[in-house]
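Data first, discussion second: the structure below is written as structure tokens.
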């Protein structure tokens with residue numbers, strides 16, 4: 001129970017510190033949440049493989065590279081979201097750190113720990129989810145360049161063979177491929193869920209706005225109907241007043257035309273004196 005309360009408090013504090021600083025417009029907070037989620041997935045990946053390099057391959061260098069990348073992501077991504085106030089800067093920084101970490105792990109393991117699936121699929125998909133199509137294309141170019149560099153180094157025997165048993169390297173390659181597929185599936189699912197929620201929220205807001213507009217239109221229609229009824233009543237009253245005035249004027253004219261012209265003096269009892 002205390003662990004749940006503490007984790008909820010930490011998550012809320014990190015959310016307010018990083019995503020809470022983003023303007024609530026143009027989907028920036030949604031993109032910020034996607035950056036945080038992708039960085040969390042990559043942090044779990046870095047933690048797992050730092051332990052694998054350190055304990056399984058007994059490579060302190062590889063473990064430290066991935067552990068430093070993990071710490072750099074934990075510190076830099078929230079700070080980038082807080083101060084830059086844009087998810088693009090945080091996403092680019094995250095991709096730079098993870099690409100450097102993958103390149104370092106590949107240098108230590110001779111490429112066995114970082115199969116092409118990382119470079120050609122995971123990095124472009126993660127960059128596209130966080131930075132859009134342009135960011136995905138840019139980091140795809142970076143990944144292809146890294147793969148070509150390792151391929152050329154292997155063809156010309158520039159890189160030294162890794163000082164690890166081949167069986168361990170093959171196991172590392174298999175687990176790395178499985179980890180890359182898991183990262184890819186996790187990022188794709190979370191991206192789909194987040195965008196589906198955002199779409200449902202947009203549709204819900206649109207329906208609410210449509211209902212509010214419809215209610216307002218109904219109120220305006222009712223007000224317009226009442227005004228028309230009052231105008232019609234006023235017109236009828238004006239017409240009745242004009243008819244009454246015309247009748248009174250006609251009656252007065254008839255009385256004056258038919259009566260003799262003279263002066264009458266009447267007493268208090270209305271009798272002619």
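The values are calculated or read from the model by the stated rules, or taken from the named source; none is laboratory data. Just so we're clear, the structure is a prediction, and the values are computed from it rather than from any experiment. Don't worry about glycine lacking a Cβ; one is built from the backbone with ideal geometry, like all the others, and counts go over all protein chains shown.
Brief remarks on what is shown
- Of the numbered criteria (1) under 23 Å from the mean Cα position of the chain (by Cα); (2) exposed (fewer than 11 other Cβ atoms within 10 Å of the Cβ); (3) modelled with pLDDT under 75, the one residue 198 fails is (2).
- Filtered by the rule that a residue be over 36 Å from the mean Cα position of the chain (by Cα) and assigned to a helix (DSSP H, G or I), the stretch 31-61 gives 53, 54, 55, 56, 60, 61.
- Filtered residues of the stretch 37-52 (kept if buried (at least 24 other Cβ atoms within 10 Å of the Cβ) and over 15 Å from residue 90 (Cβ atoms)): 45, 46, 49
- When residue 35 is tested against (1) farther than 30 Å from residue 167 by Cα; (2) at pLDDT below 80; (3) touching a helix residue (DSSP H, G or I) at 6+ places or on another chain (Cβ under 8 Å), exactly one condition is not met: (2).
- Some residue of the stretch 75-94 being surrounded by 23 or more Cβ atoms within 10 Å (Cβ to Cβ) and under 17 Å from residue 180 (Cβ atoms): yes
- Matching entry among 204, 208 (being more than 15 Å from residue 108 (Cβ to Cβ), loosely packed, with under 13 Cβ neighbours inside 10 Å, out of contact with any helix residue (DSSP H, G or I) (no Cβ under 6 Å at 6 or more places or on another chain) and modelled with pLDDT under 75): 204
- Residue 92 being closer than 15 Å to residue 126 by Cα, modelled with pLDDT under 85 and assigned to a helix (DSSP H, G or I): no
- From the list 251, 270, the lone residue that is modelled with pLDDT under 70 and assigned to a helix (DSSP H, G or I) is 251.
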